[in-house]
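The values are calculated or read from the model by the stated rules, or taken from the named source; none is laboratory data. Just so we're clear, the structure is a prediction, and the values are computed from it rather than from any experiment. Here Cβ is always computed from backbone atoms with ideal geometry, including for glycine, and neighbour counts include all displayed protein chains. To get the accessible areas, we keep the full protein, side chains included, count just its heavy atoms, and leave off ligands, DNA and RNA. Shrake-Rupley method; radii C 1.70, N 1.55, O 1.52, S 1.80 Å.
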Amino acid sequence: MMMHQTIFSKLMLILSSIRGVFALSVVLLLATDASAIAADNLAGLTGGLPALTSTEYGDGSTSYSLSLQVLALMTALTLLPSLVLGMTSFTRIIIVLSILRQAMGTQQTPPNQVLIAIALFLSLFIMAPTFTTVYEDAADPYLNGDISADIALTNASNTMKGFLVKNTRKDDLNMFADMANETGFEKAEDVPLTILLPAFITSELKTAFQIGFLLFLPFLVIDMVIASVLMSLGMMMLSPMLVSLPFKLLLFVLVDGWAMTVGSLVATYTA
């Protein structure tokens, strides 16, 4: 009986040793495979992700993969509202139209959606020559494969800089250039966008409020005349704004106010 127990104990000890050796072998094999996989992944990362690559040519141009182009397009679409506000005539037009509506006292007529639509279509009309130049010099050659993305971006940027410089006050441009300690620009293409964009926005705000002030004056005169007449008649409880509204609308329609306002706004820009 004791002999059988001894043999059984030895067999269990041998099996435990074999199991330990097998487990150690499996661990070493997994570690080796993991190291190989990690080395392959690192080699792939050092070469760049297959979907996000760029190729440089001997002439200095660079081409980007389709994934990078789609990523750039999605980024541009995300920044499109800011670009519309900061690089076109939209800001000046929408401010002037808002002040005009307030001066007329028509509350929410025209509604905000209509004012935004008017400002957007007028901006497209004003920016049409610039956008056409951008398409002919940058977008069309790039889509046809004649120029690289870098050259196309540079051409489009230079065209937009030309429009922004022509419609920016020199005082505002010099102010931002002095704050950035960058002066001595010989041509519009030399001005960086980091200086040109805030200068353009500041200039647009100043011009918009000047135009709004001139539009506000005739309606203010009508309000004062109506208020004086009502005071002299003793109609203290009657709102001057309510009585003056028909006269302001009549004046605006008789002088063809919408055509004058739109025409004046368009004429203030140099393409």
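Taking Gln102, is it at positive phi and either at pLDDT 85 or above or loosely packed, with under 14 Cβ neighbours inside 10 Å (or both)?
So Gln102 does not fit the description; no.
For the structure I just gave you, tell me whether Val114 is surrounded by 17 or more Cβ atoms within 10 Å (Cβ to Cβ) and in a helix (DSSP H, G or I).
No, not satisfied.
Keeping to the stretch 260-271, report how many residues are closer than 15 Å to Arg101 by Cα and open to solvent by less than 70 Å² (accessible area, probe 1.4 Å).
Step one: filter the stretch 260-271 for residues closer than 15 Å to Arg101 by Cα, giving 260-262.
From the residues that got through so far, the ones that are open to solvent by less than 70 Å² (accessible area, probe 1.4 Å) too are 261-262.
Residues flagged as closer than 15 Å to Arg101 by Cα and open to solvent by less than 70 Å² (accessible area, probe 1.4 Å) within the stretch 260-271 amount to 2.
How many residues does the stretch 148-178 hold that are free of Cβ contacts under 8 Å to residues at least 24 places away in the same chain, of a type in the set (A, V, I, L, M) and crowded, with 18+ Cβ neighbours inside 10 Å?
Here the count works out to 3.
Could you list, ordered by first residue, the pairs with Cβ atoms under 6 Å in which the first is in the stretch 217-236 and part of a helix (DSSP H, G or I) and the second is surrounded by 15 or more Cβ atoms within 10 Å (Cβ to Cβ) and hydroxyl-bearing (Ser, Thr, Tyr), at least 6 apart or interchain?
What qualifies is Ile222/Ser244; Asp223/Ser244; Ile226/Ser244.
Looking at this structure, is Thr130 in contact with a Phe, Trp or Tyr (Cβ under 8 Å, 6 or more places away or on another chain), closer than 30 Å to Met260 by Cβ and part of a loop (DSSP other than H, G, I, E, B)?
Taking the combined requirement at face value, the residue does not satisfy it.
Please go through (1) modelled with pLDDT of 90 or more; (2) surrounded by 18 or more Cβ atoms within 10 Å (Cβ to Cβ); (3) of a type in the set (D, E, K, R) for Lys206 and return the number of the only condition it doesn't satisfy.
Result: Lys206 passes all but (2).
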